[in-house]
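S.K.: My questions all concern the structure below.
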Amino acid sequence: MEAATLTTRRSVRHRIFSTGLFSTDHRVIARQYFFLSLFAVVVGVCLSLLMRFHLVWPQAKVSWFEKIWSVRAESGIMTEELYLSLMTLHGTIMVFFVLTLAPLNAFANLVLPEQLGQREMAFPRLNMLSFWVTMASFLTLIASCVLDEGGPIAGWTAYPPLSAVGSVSGPGEGLGQTFWFFSIGVFCIGSLLSAMNIISTVIECRRPGMSLMQMPLTCWNWFVTAILSVLSFPVLLAAGLLILLDRLAGTSFFVPGDLLIAERNVDHSGGSPLLWQHLFWFFGHPEVYIAILPGMGIVSHIISNFSRRPPFSYRASVWAPIAIAFLGMLVWGHHMFISGISPYSALTFSLVTMSIGAPSAALTLNWLGTAFQSPRLELNTAMLFCLGFVSLFVTGGLTGLFLGQPEIDAYFHDTAFVVAHFHMIMGMAALFAVFAATFYWFPLMFGRMLGEELGKLHFYLTFVGAYALFLPMHFAGFAGNPRRYADFTNFDFLKPVMPLQRWITMTAFALGAVQLIFIWNLFWSMLRGAPAPSNPWSGATLEWNPEGELPGGEPYFYPVKMDVTT
Amino acid sequence: MATLTEPKVRSGGGPPPPITPLLPRGGDGSGGSGPDPSASAATARIAVYIGMCASTMTFMALLSAMFVRRGLATNNDWHRLPVPPLLWWNTVALLLSSVAVDIGRRAFRAGRRSEFRMLWLTGTALGTWFLIGQSINWKFLADHGFYMQHNPASAFFYVLTWAHAAHVIGALAALYYVACRALFFPFVPMNRNVLEVSAIFWHFLDVMWLLLMAIFEFWS
């Protein structure tokens with residue numbers, strides 16, 4: 001009896017630490033990242049809907065607002081501070097815990113080792129540790145908004161001086177903002193550990209005979225993204241350390257002298273808020289590519305698969321993301337055109353920013369070339385999301401050309417145009433890649449197929465919804481509609497824009513509701529979906545063909561020569 | 001030309017089948033290598049090089065912030081910090097530690113275990129001394145009125161030396177681990193990897209410290 005109990009205990013311990021929560025299996029860790037991102041995106045979308053509601057009906061009384069936020073929504077009306085706190089959390093959650101985690105950490109963990117012909121990442125325990133460090137960061141962020149004085153309100157960019165002087169600058173700038181900085185610091189560490197693992201796996205753990213130029217394009221993009229992470233996250237970590245010292249130890253790295261806040265003279269001297277902007281955007285712009293480059297790799301891979309042919313130009317598809325990443329490290333100044341930088345610097349940053357269009361166009365032509373030259377295009381859900389990605393990437397990229405020019409950016413910079421631009425390219429496009437990856441690799445994640453009919457319905461509604469939501473937002477930007485404002489109903493010059501804002505809000509709610517189709521499809525398919533074949537998409541890479549050989553004995557290295565007889 | 005086969009439907013759901021054993025690994029010069037001891041050492045070295053890149057970026061961000069902040073010191077709030085004399089002795093200790101660790105590593109490779117143990121322990125002890133010496137320096141500066149709040153030069157001194165000390169603590173943990181294994185446990189290949197990568201990282205911290213010292217002495 002005692003022996004049986006002992007065995008059961010050991011079995012439970014084994015389940016928890018070997019295959020459960022603290023598993024070192026890369027697929028388990030991939031699922032953990034996936035569900036963390038899924039939870040984060042649900043929270044992030046709900047926050048954005050609340051924000052949209054407030055922008056259109058700022059004086060609306062909602063009884064449950066008061067129950068949740070007794071201080072910041074007294075009498076059921078959302079205060080400006082609450083709006084800013086929702087905006088901060090929305091931005092932080094979406095940028096860090098959705099767009100960074102899902103395309104890179106979740107899907108790289110899922111298939112990177114096997115696409116390279118391995119069974120595990122280079123450092124499985126480090127892999128598990130990086131997930132739990134990331135989870136600690138997420139919990140810290142959530143903790144920041146349940147504090148009595150309210151969540152942080154400085155936005156995801158946390159610009160000083162207001163974010164660096166503590167509670168003197170307002171509610172939410174106290175402990176909540178300190179928690180926010182801690183959360184981001186911990187996230188940086190988790191991302192660095194993860195990037196270290198991905199790079200080591202790609203360099204050292206490829207199957208014998210597989211050269212770098214035989215890796216799937218997904219592996220290339222994850223590899224380049226991980227290098228970007230190693231180069232950019234430490235800068236955010238250093239900047240976060242300095243701003244925490246400004247807040248907690250009274251230093252003056254980012255806080256200028258003679259600063260008067262709420263009629264109080266702040267006891268700092270000589271610091272520069274611009275210094276934070278340089279450090280932050282040195283991380284922040286590569287972060288945009290950390291979010292989108294894995295998506296590009298996923299799209300290249302899936303389009304090639306369902307076009308039943310190798311990529312139009314494999315080499316161009318490898319070198320373009322490398323060029324984008326390299327140039328992306330040099331353009332942080334274009335976020336600071338109106339912050340007071342030298343016009344010569346602005347011109348340089350502008351030229352380099354524009355030059356990113358060249359490799360981006362090369363990639364787009366590759367995707368289109370691959371699809372157009374397909375002998376038999378398969379328009380299933382994953383492929384549709386990839387084509388949707390291409391569309392959104394081009395649309396969002398074109399508006400980037402406006403913002404990359406200092407003269408035009410001077411007008412657009414603080415308007416809804418910028419919000420529309422980055423939601424189109426960094427938000428929707430990257431999410432389309434995540435949807436595509438989810439449909440494509442769902443059989444590997446759960447052994448079942450994700451429902452195609454509901455998937456296609458979800459795609460069409462989301463695609464239309466994305467344009468219906470974010471295209472009009474550009475026009476609001478043309479009209480000078482400011483961003484980051486909690487309420488602009490009182491501005492006369494914005495009165496003509498209000499019908500547009502109401503349309504955007506209603507579309508946002510509709511688009512949010514459409515995502516329920518995906519959530520339903522996901523969980524239903526996990527539990528009741530059709531059993532997955534071993535290679536449902538006739539995939540040509542090693543995660544589908546672990547034996548590593550085609551029937552004729554030819555090794556399955558990528559880019560594989562595909563026959564179209566199937 | 002290869003032909004893709006029709007998908008085979010498995011009988012039920014659940015996780016995908018386990019991956020069949022792969023080809024023998026070890027590298028053929030054109031591709032990756034596998035988990036044999038030498039390949040693991042290479043993987044560990046790659047990881048430590050990546051860690052060094054990340055640390056370098058952290059220090060470069062802090063140093064560039066320092067350069068910019070000094071350039072902005074328009075209201076004469078930048079006051080040169082006297083370099084505490086003990087800092088030089090600390091530097092010597094760290095350099096000697098690095099030399100001892102490296103000669104110890106070579107002795108280990110040559111199979112001279114007792115020499116290795118002595119040198120590795122010496123290196124570890126000198127590294128520990130460096131850390132203790134740093135805390136004495138911080139106290140020295142605080143006793144002489146140099147706090148973080150009052151002068152950006154001293155703020156950057158504290159930040160940079162703390163960041164370096166945090167790295168030293170991590171590296172010392174690895175040095176102590178190897179030292180304990182060397183003294184109390186038989187060696188296995190895994191420990192050789194720890195030995196190699198901790199020595200590499202220790203040298204990196206040495207170089208980083210020399211850079212910081214040069215900046216403290218000649219520029220700040």
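The values are calculated or read from the model by the stated rules, or taken from the named source; none is laboratory data. Given the structure is predicted, the values throughout are model-derived calculations rather than measurements. When we count neighbours, we look across all protein chains shown, and the Cβ atoms used for this are built from the backbone with ideal geometry, even at glycine. Keep in mind that these areas ignore ligands, DNA and RNA; they rest on the heavy atoms of the full protein, side chains included. Shrake-Rupley method; radii C 1.70, N 1.55, O 1.52, S 1.80 Å.
S.K.: Please report the buried accessible area for the interface of A with B, total over both chains, probe 1.4 Å, in Å² to the nearest 100. Intermediate results must be reported in sequence, preceding the final value.
M.R.: On the way: alone 23040 and 13020 Å², together 31150 Å².
Buried: approximately 4900 Å² between B and A.
S.K.: Over chain A, calculate the relative contact order: mean separation of alpha carbon pairs under 8 Å at least 6 apart, over the residue count, as a percent. Provide the component values of the computation, followed by the final result.
M.R.: Values: 910 pairs, mean separation 81.0, N = 566.
Dividing the mean separation by the residue count of chain A yields 14 percent.
S.K.: Right, something else. Just round it to a whole percent: the fraction of Cα-Cα distances in the protein assembly as shown exceeding 45 Å. Don't skip to the answer; put the middle values down first.
M.R.: Details: 87591 of 308505 pairs.
For the protein assembly as shown, the share of Cα pairs beyond 45 Å comes to 28 percent.
S.K.: If you average 1/r over all unlike Cα pairs in the range A:238-333 and invert the result, what Kirkwood radius do you get in angstrom?
M.R.: Details: mean 1/r = 0.0602 Å⁻¹.
For the range A:238-333, inverting the mean 1/r across all distinct Cα pairs yields 16.6 Å.
S.K.: Ignoring ligands, DNA and RNA, how do A:CYS205, A:CYS46 rank by accessible area with a 1.4 Å probe, largest first?
M.R.: On the way: A:CYS205 10, A:CYS46 70 Å².
Heavy-atom accessible area, descending, gives A:CYS46, A:CYS205.
S.K.: Which order do peptides A:180-187, B:99-106 fall in by mean Cβ count within 10 Å, highest first? Walk me through the numbers before you get to the answer.
M.R.: Numbers: A:180-187: 22.6, B:99-106: 19.8.
Final packing ranking: A:180-187, B:99-106.
S.K.: By how many nm would the segment from A:GLU149 to A:ARG376 grow when fully extended, if each residue of separation counts as 0.36 nm and the alpha-carbon distance is taken off?
M.R.: Separation in residues times 0.36 nm, less the Cα-Cα distance, equals 75.8 nm.
S.K.: What part of the accessible area of chain A, given as a whole %, is carbon or sulfur when the probe is 1.4 angstrom?
M.R.: Values: 14120 of 20640 Å².
In chain A, the share of accessible area belonging to carbon and sulfur is 68 percent.
S.K.: Sticking with this one: For the range A:55-94 and the range A:158-181, compute the distance between their C-alpha centroids and round to whole Å.
M.R.: 18 Å
S.K.: Can you compute the FRET efficiency between A:TRP520 and A:ALA262 using 1/(1 + (r/R0)^6), with r the Cβ-Cβ distance and R0 = 60 Å? Round to the nearest 0.05.
M.R.: Working: r = 48 Å, r/R0 = 0.80.
Calculated transfer efficiency: 0.80.
S.K.: Relative contact order for the range A:85-216 using alpha-carbon pairs under 8 Å, separation at least 6, rounded to a whole percent? Mind dumping the intermediate values first?
M.R.: Details: 152 pairs, mean separation 47.8, N = 132.
Contact order relative to length: 36 percent.
S.K.: Here's another thing I want to ask about it. Out of residues 5 or more away from A:ARG448 or on other chains, whose amide H comes under 5 Å of its own, with H placed 1.01 Å from N in the peptide plane?
M.R.: Hits under the 5 Å cutoff: A:ALA532.
S.K.: Taking a label point 7 Å from the Cα of A:TYR411 along the Cα→Cβ vector, which residues of the range A:446-486 have an amide N closer than 15 Å to it?
M.R.: A:474-482
S.K.: Still on this model: For the range B:41-137, what is the accessible area per residue in Å², given a 1.4 Å probe and the full set of protein chains? Each step should come with its number before you reach the end.
M.R.: Values: 4360 Å² over 97 residues.
Result: 45 Å² per residue.
S.K.: Within the protein assembly as shown, what is the number of lysine pairs with alpha carbons under 30 Å apart, leaving out pairs fewer than eight places apart on the same chain?
M.R.: Details: A:LYS61/A:LYS495; A:LYS456/A:LYS561; A:LYS456/B:LYS8; A:LYS561/B:LYS8.
Count of close lysine pairs: 4.
S.K.: For chain A, with every protein chain kept in place, what is the accessible area per residue (1.4 Å probe, Å²)? Please report the intermediate quantities before stating the final value.
M.R.: Values: 20640 Å² over 566 residues.
Each residue of chain A exposes 36 Å² on average to a 1.4 Å probe.
S.K.: So how far apart, in nm, are the two label points at A:TYR485 and B:ALA214 if each is 7 Å from Cα heading toward Cβ?
M.R.: Computed distance between label sites A:TYR485 and B:ALA214 equals 5.3 nm.
S.K.: Then there's this: Roughly how many Å is it from the Cα centre of the range A:255-304 to that of the range A:469-538, as a whole number?
M.R.: 25 Å
S.K.: Apply the Karplus curve 6.51 cos²θ - 1.76 cosθ + 1.60, θ = phi - 60°, to the phi angles in the range A:507-512 and return the couplings in whole Hz, x for Gly and Pro.
M.R.: Calculated HN-Hα couplings, in order: 5, 4, 5, 5, 5, x Hz.
S.K.: For every helix of n ≥ 4 consecutive DSSP H residues, a contribution of -39,500 (n - 2.57) applies; sum these over chain A, divide by its total residues, and give [θ] at 222 nm rounded to the nearest 500 deg cm²/dmol.
M.R.: Values: 18 runs with 346 residues, N = 566.
After summing the helix terms and dividing by the residues of chain A, the value is -21000 deg cm²/dmol.
S.K.: Run the numbers on the range A:290-426 and let me know its relative contact order in percent, using alpha-carbon pairs under 8 Å that are six or more apart.
M.R.: Values: 134 pairs, mean separation 45.6, N = 137.
Across the range A:290-426, relative contact order equals 33 percent.
S.K.: Okay, moving on. For helix A:175-204, report the angle its Cα long axis makes with the longest principal axis of the Cα atoms of chain A; keep it between 0 and 90° and round to the nearest 10°.
M.R.: Relative to chain A, helix A:175-204 is tipped by roughly 20 degrees.
S.K.: Work out how far the C-alpha atoms of the range A:373-423 reach from end to end along every principal axis, then list the three figures in whole Å, largest first.
M.R.: Principal axes ranked by extent give 47, 20, 7 Å for the Cα atoms.
S.K.: Also, I was wondering about something else. Leaving out ligands, DNA and RNA, and with a 1.4 Å probe, what % of the accessible surface on the range B:74-220 is carbon or sulfur? All intermediate terms of the calculation are to be shown ahead of the outcome.
M.R.: Numbers: 4820 of 6820 Å².
That fraction is 71 percent.
S.K.: Here is a further query. Ranked highest first by the average count of other Cβ atoms within 10 Å around their residues, in what order do A:401-414, B:42-55 fall?
M.R.: Details: A:401-414: 17.2, B:42-55: 20.1.
Peptide ranking by packing, descending: B:42-55, A:401-414.
S.K.: Through the Karplus equation 6.51 cos²θ - 1.76 cosθ + 1.60, θ set to phi - 60°, convert the phi angles of the range B:140-151 into ³J(HN,Hα) values in whole Hz; use x for Gly and Pro.
M.R.: Coupling constants for the range B:140-151: 4, 5, 5, 5, 9, x, 9, 9, 4, 5, 8, 8 Hz.
S.K.: Looking at the range A:439-478, which residues lose a minimum of 10 Å² of accessible area between their chain alone and all protein chains in place, measuring with a 1.4 Å probe and not counting ligands or nucleic acids?
M.R.: A:LEU444, A:PHE446, A:GLY447, A:ARG448
S.K.: Averaging the inverse of every distinct alpha carbon separation and then flipping it gives the Kirkwood radius. What is it for the range B:90-220, in angstrom units? Could the numbers behind the result be given before it?
M.R.: Values: mean 1/r = 0.0642 Å⁻¹.
In the range B:90-220 this quantity evaluates to 15.6 Å.
S.K.: Determine ³J(HN,Hα), in whole Hz, for all residues of the range A:112-122 in sequence, where each value follows from phi through the Karplus function 6.51 cos²θ - 1.76 cosθ + 1.60 and θ = phi - 60°; x replaces Gly and Pro.
M.R.: Along the range A:112-122, the couplings run 4, x, 6, 5, 8, x, 10, 9, 8, 6, 4 Hz.
S.K.: Taking chain A as the reference, fit the longest principal axis to its C-alpha atoms, fit the long axis of helix A:26-56 to the helix C-alpha atoms, and give the angle between the two in degrees, 0 to 90, nearest 10.
M.R.: The angle comes out at about 40 degrees.
S.K.: Also: Looking only at other chains, what is the average number of their beta-carbon atoms within 10 angstrom of each beta-carbon in A:249-255?
M.R.: Numbers: counts 6, 5, 12, 8, 9, 2, 0.
Per-residue shielding by partner chains comes out at 6.
S.K.: Here's a follow-up. Roughly how crowded by other chains is peptide A:241-248, in terms of the mean Cβ count from those chains within 10 Å of each of its Cβ atoms? Spell out each step's value before the answer.
M.R.: Numbers: counts 7, 8, 0, 0, 6, 1, 0, 0.
Averaged over the peptide's residues, the number is 3.
S.K.: A:THR415's amide H: which non-local residues (gap 5+, or another chain) put their own amide H closer than 5 Å, with H modeled 1.01 Å from N in plane and none for Pro or chain starts?
M.R.: Excluding prolines and chain starts, which carry no amide H, the hits are A:ARG483.
S.K.: Sticking with this one: How are the alpha carbon pair distances in the range A:133-220 distributed across 10 Å bins from zero to the largest one, expressed in percent?
M.R.: 17, 32, 19, 15, 13, 4, 0
S.K.: Counting partner chain Cβ atoms within 10 Å of every residue's Cβ in B:42-51, what's the average?
M.R.: Details: counts 4, 7, 4, 2, 9, 10, 2, 4, 11, 4.
For peptide B:42-51, the averaged partner shielding equals 6.
S.K.: Amide H to amide H, which residues 5 or more places from A:ILE261 or on other chains are under 5 Å from it, using H placed in the peptide plane?
M.R.: HN-HN under 5 Å from A:ILE261: A:VAL266.
S.K.: Based on alpha-carbon atoms only, what is the radius of gyration of the range A:58-179 relative to the globular estimate 2.2 N^0.38 Å? Walk me through the numbers before you get to the answer.
M.R.: Working: Rg = 18.7 Å, N = 122, 2.2 N^0.38 = 13.7 Å.
That works out to 1.37 for the range A:58-179.
S.K.: A further question follows. For the Cα atoms of chain A, what angle does the longest principal axis make with the long axis of helix A:80-92, in degrees from 0 to 90, nearest 10?
M.R.: Between helix and principal axis, roughly 30 degrees.
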